[in-house]
Amino acid sequence: MRPFRFLPAPPALGCQPLTATRALEAFPLGNLSLAEHQLLALAGEWPKGPVIEVYPHAWLESADVARFRADPQASALVDAQGSELLLRSGVTGPACRATGSFLLRFAWDLLVANERALKVRTVWENHGDCHASLYVDGRLAVGAGTRILPGVVIEGDVVIGAGCKVGPNCYIRGATSVGNGCHVGQAVELKNSILLDQTNVGHLSYVGDSVLGEKVNLGAGTITSNLRHDGKAHRTMVAGQLIDTGRRKFGAIIGDGVHTGIHTAIYPGRKIWPGKTTRPADVVDRDLV
């Protein structure tokens, strides 16, 4: 029997609209769910003793887990803000402070977790059909049945799922994850973003520091803005409060099934709830709920 158990998952309201249609622990990071990443970080021989209780919305770094595991007097593993990530049931000793692990509170935390997921990934294999002109400056993983057309440039750590079509002439950079069955087409730039399964960014679009849910379709020329003119950190509305994200670069959070009209422009930090649409040339300057 495993020496740990998962605590009940509270509603992840700060991660809406992405959690309006899925549990946060099921959200894919580097194309593996958060729960799967937790199991990888928790793997290893645990000493006999109290049961370890796991917060389901915790991003866990293996090094932090190893330090906590090696200190039987530690009552908890906590992040930089003091939030508990792991608990040693019945132990009242001091807490072990994590250096990389953290609790996922807001949708933009998923971008940080995705970067961490790709950074610690050890298997980088290409099972796709890639044109000879593909340029890679970094690490690339490609799933079976994916076609990469001429003129594609990859920079950074990028994971592309199975059954996708990428290109021609697109630029994918930063820590970017593309799910299964996606289309990233002509003259599209993706930067430091997450695309879930069956999402289409067909042509002439920019998606930066953003998260797109499942079955999203961005009309041609849809642009996500991700930088304030004054260079300050972005703020965004969460449950009626304006929250400082702490991010200088932050784009859009787009729920499942959203369709945008051609030439839609999306202000930084805006969120679009599942199933919403925009008209051609719309400007999204507030959340669409």
All but one of (1) without any contact (Cβ under 8 Å) to a residue 24 or more places away in the chain; (2) farther than 14 Å from V211 by Cα hold for T19; which doesn't? (2)
Taking P268 as the residue in question, decide whether it is part of a loop (DSSP other than H, G, I, E, B) and surrounded by 21 or more Cβ atoms within 10 Å (Cβ to Cβ). yes
Can you tell me which condition A141 does not meet? The list is (1) in contact with a Phe, Trp or Tyr (Cβ under 7 Å, 6 or more places away or on another chain); (2) outside the structural domain of R248 (by TED's automatic domain parsing), and all the others hold. (2)
Every residue from region 1-28 that is among the hydrophobic types (A, V, I, L, M, F, W, C), closer than 23 Å to R88 by Cα and part of a loop (DSSP other than H, G, I, E, B): M1, L7, A9
Which of the residues belonging to region 70-79 are at pLDDT below 95 and within 29 Å of the chain's Cα centre (by Cα)? none
Would you please name the residue that is farthest from the chain's Cα centre (by Cα), looking only at residues in region 87-110 that are among the aliphatic types (A, V, I, L, M) and farther than 19 Å from A23 by Cβ? V91
Subset of region 20-56 (residues that are among the charged types (D, E, K, R) and either closer than 22 Å to P274 by Cβ or in contact with an Asp or Glu (Cβ under 7 Å, 6 or more places away or on another chain) (or both)): R22, E25
Given the conditions (1) assigned by TED's automatic domain parsing to the domain that holds R248; (2) surrounded by fewer than 21 Cβ atoms within 10 Å (Cβ to Cβ); (3) touching an Asp or Glu at 6+ places or on another chain (Cβ under 8 Å), report the number of the one that G202 does not fulfil. (3)
Need a quick list: strands (runs of 3 or more DSSP E) entirely within region 30-131 having at least 1 residues that are touching a residue at least 12 places away in the same chain (Cβ under 8 Å) and among the aromatic types (F, W, Y). none
Could you check region 197-213 and list, in sequence order, the residues that are among the polar types (S, T, N, Q), over 11 Å from I262 (Cα atoms) and either part of a loop (DSSP other than H, G, I, E, B) or at pLDDT below 95 (or both)? Q198, T199, S210
Checking the structure you have, find out if any residue of region 266-277 is under 20 Å from L195 (Cβ atoms), modelled with pLDDT of 95 or more and small (G, A, S). yes
Restricting to region 137-163, name every residue that is within 21 Å of the chain's Cα centre (by Cα), outside any strand (DSSP E or B) and surrounded by fewer than 22 Cβ atoms within 10 Å (Cβ to Cβ). G143, A162, G163
Of those in region 214-244 that are β-branched (V, I, T) and not in a strand (DSSP E or B), the residue farthest from T278 (Cα to Cα) is V216
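The values are calculated or read from the model by the stated rules, or taken from the named source; none is laboratory data. This one's a predicted model, so the numbers in the text were calculated from it and none came from an experiment. No Cβ is skipped: glycine too gets one built from the backbone with ideal geometry, and neighbour counts run over all protein chains shown.
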